[in-house]
Structures are given as C-alpha cells and as structure tokens.
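Report on one structure; see the data block that follows.
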Amino acid sequence: VPAPCVAALAVLATIAACMASGEPRSGYDYLGPENRALQDDAFANPGMLWVERGAQAFHAAAGDAPACSACHDAAAMRGVATRYPLVADDGALLNLEGRINRCRVRHQRHPPLPYESDALLALTTWLAAQSRGMRVAVAVDARSAPFHARGRQLYETRLGQLGLACRHCHERNAGRRLRGETISEGMLNGYPAYRQAWQSLGSTHRLFRWCNEAVRAQPWEAGSPEYLALELYVAARGNGLRIEAPAVRR
Amino acid sequence: VSRLHTPRLSVPDVVVAGQPFEVRVMVAHEMETGFRRDLHGQRIPRHIVTHVRVRVDDEEVLRVDLGPGVAANPYFSFQLCLDAPADLRVDWQDDDGAQVDSRARIDVRPRA
C-alpha cells in the first residue's frame, strides 16, 4: 500500500475513533422544547393512545384463543424490549413485531398481524413502553454477528438517486443542519414513535422506508430480512440509551 | 366501521370550591383533511371530528366546532370552576356520525 494511502487511512481511523468514543445521543436531544414537552407529558403524548390500546389487546382474548396475559405476566414484560432485535432459538432474527406475531401464530393460532397495522403497532408500543427508562442492551455476539454484519453493510451502502448511505447523515453529519432540520444520530430508542410528519405512530421499519424514500431509493418491505438486519445494527449502535417509546419525533 | 376511538380525559379527583382547575381532553382520530390525494391521484375523503361538547351535570360549558385545519388526535385543555361535586361528560362526534364520550366524577371540598 502506498505511503499516502496509509496516511489517509490513519487519518480516517482517527476520525472514526473520535466519533466512536462519543456516547450515543437520543433523538430527544435534537428535538425542540415543544416536542420534548409533548413527549414528557403522559397525557398529551399521542403515542400513549397506542399504549392504551396495546394494554387492552394484551389482556383481551383473541377470538377463541387465550389472551397474551394468559401466558405472560404483564410485569414480566418489563425489560423485554431492551434486548430486541435478538436471535431466537431456531436462529431467526426477531424484532418485537416478529416476536409478537410468532407468539400469535404458534400459541393463538391466528394469522400474523399485518406490519404497520394499528393492532400490531399498539401491542408493539405497549411492549416497548414497559421498558421505558431502561437501557438498550441488544446482544452482538456469535449468534447475531452475521445479521449485525449484514446490517452494517446496509448502513454503509450508498442508496438511491442521492447516493447517500445511512452513515453519511447519521454518523458524519449528525448535529448539522439539513434544510430546516437538525440531523439526529438516527437512534431507535424512541420507537415506535409518534412522528409529527406522519401525524401518526410508526414502527422502526416505517422509519427506514421513509428514510430510504428521502434519498430517493426503492425501500425494502417492512419486516424484510434487510430491515431486520439493519434494525439490529442500528439498535446496537444505541446500546446504553434509555428507552423512550412512545417518543415524539419530528 | 368507526375510526373514532379512545377518548382520554384528565381531571383532578378532588378540587377546591371556586378554584379553577385544568381539564384536558383528547381523542384518537386521523383528522383527514379532504385535501390530500393518494398515490393514484384520487382525493382522500374528508374525515374529521366536527364537534366536541363538554357538560357539567347536563349544563353545557364548552362546545368546539372543528375544521380540517386541526391536527390528528385533537387535544384541548381548559379551565373549569366548580362549587359543588359534579359529573363531567365529554362528547366527541365526527363527520361519519360516530360518537364516543368519556366521563368523570369530580368531588369538591370547601375552600379552606
């Protein structure tokens, strides 16, 4: 390798090390005071509407099948969301939505809830909200390493007509302005979150789709293996952040 | 199928006679303006909450007529003053004719 290249690599490595040493910052830190106040107010936070519906769904019988609460003690759900996405016993990568739907198919004998349906969002948001205030602790180990590597590859791949990878905005330019917005680090600790842009609550995969469309790329499907791997990588970037779901975001 | 659901109501359980207190009400509703178009260029029909009505023991204390400029999941807060214990009732109605309500009993203790 020529000497100038080595020098350039050394500089790049130094920059990367500096950025890596910084603690991850929640999207909350990039919000204005109005949106922060909205998130902090348990009554006014519109995301709480989905938490309430999720609580009802958790305790209600699903047709002729027993309720979620017939097997799961609601109190035992605290902390669950901090570990997702994770690799299940059979080697499949599951996020919260995937775990809920797997339970629904196997134990309630019902078809899976459609991704981004109100019913699935409500259960996911309720489940995530049980871990509010706890720190994200997604495992990056031998079992999840292949998924994590795939997620990282996606995170670093240029996409769309704008030719931007996730990291170009959310690593290199976090904190700087993009039109009227401040670019966040793209953390997931607030999701499912109520986004003002959507006037609704949305999942991590809806966020990925929105982001992909913003760089004029063809998004993957919600629940696709690509987005699951990306979710694992992005969630692990935010290990140590406190869960805020349902957060309010712009 | 009604898409108007989950009203929320927040009031103190007990208030002091003659002292104003805050009432907060909210309902989950998409508040579709009627001005947007879908991917095929078809106009998405208007679907909004049109009326909110607040009553204290059957006496109307607040009525709001909403338009399409109100954001999704409408939220109002206002001050009330009571002299005696009362039943509070909030009614929501949307332009599909769907109605939901939420109620609360508020106790009043005399001013110290």
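The values are calculated or read from the model by the stated rules, or taken from the named source; none is laboratory data. Computed from a predicted structure; not experimentally measured. With ideal geometry, Cβ positions are generated from the backbone for all residues, glycine too; neighbour counts draw on all protein chains shown. We work out accessible area using only protein heavy atoms, side chains counted, and drop any ligands, DNA or RNA first. Shrake-Rupley method; radii C 1.70, N 1.55, O 1.52, S 1.80 Å.
Observations
Okay, residues lined up against (1) farther than 14 Å from A:Leu93 by Cα; (2) open to solvent by less than 40 Å² (accessible area, probe 1.4 Å):
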position	(1), (2)
A:Arg216	yes, no
A:Leu228	no, yes
A:Tyr233	no, yes
A:Gly240	yes, yes
A:Val248	yes, yes
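- Residue within the range B:14-24 that is modelled with pLDDT of 95 or more, within 24 Å of A:Trp50 (Cα to Cα) and open to solvent by less than 20 Å² (accessible area, probe 1.4 Å) present: yes
- Meets criteria (at pLDDT below 95, surrounded by fewer than 12 Cβ atoms within 10 Å (Cβ to Cβ) and more than 14 Å from chain A (Cβ to nearest Cβ)) for B:Asp65: no
- Hey, B:Arg89 away from chain A (no Cβ under 13 Å), open to solvent by 30 Å² or more (accessible area, probe 1.4 Å), in contact (Cβ under 8 Å) with a residue 60 or more places away in the chain and not β-branched (Val, Ile, Thr) or not: no
- Scanning the range B:26-42 for residues that are modelled with pLDDT under 95, out of contact with any helix residue (DSSP H, G or I) (no Cβ under 6 Å at 6 or more places or on another chain) and in a strand (DSSP E or B) gives B:Met26, B:Val27, B:Glu32.
- Residue tally, condition in a helix (DSSP H, G or I) and touching a residue at least 40 places away in the same chain (Cβ under 8 Å), over the range A:57-71: 3
A quick yes/no check of all residues on (1) within 13 Å of chain B (Cβ to nearest Cβ); (2) modelled with pLDDT of 95 or more:
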| position | (1), (2) |
| --- | --- |
| A:Leu12 | no, no |
| A:Ala20 | no, no |
| A:Arg25 | no, yes |
| A:Gly32 | no, no |
| A:Leu49 | yes, no |
| A:Arg53 | yes, no |
| A:Gln56 | yes, no |
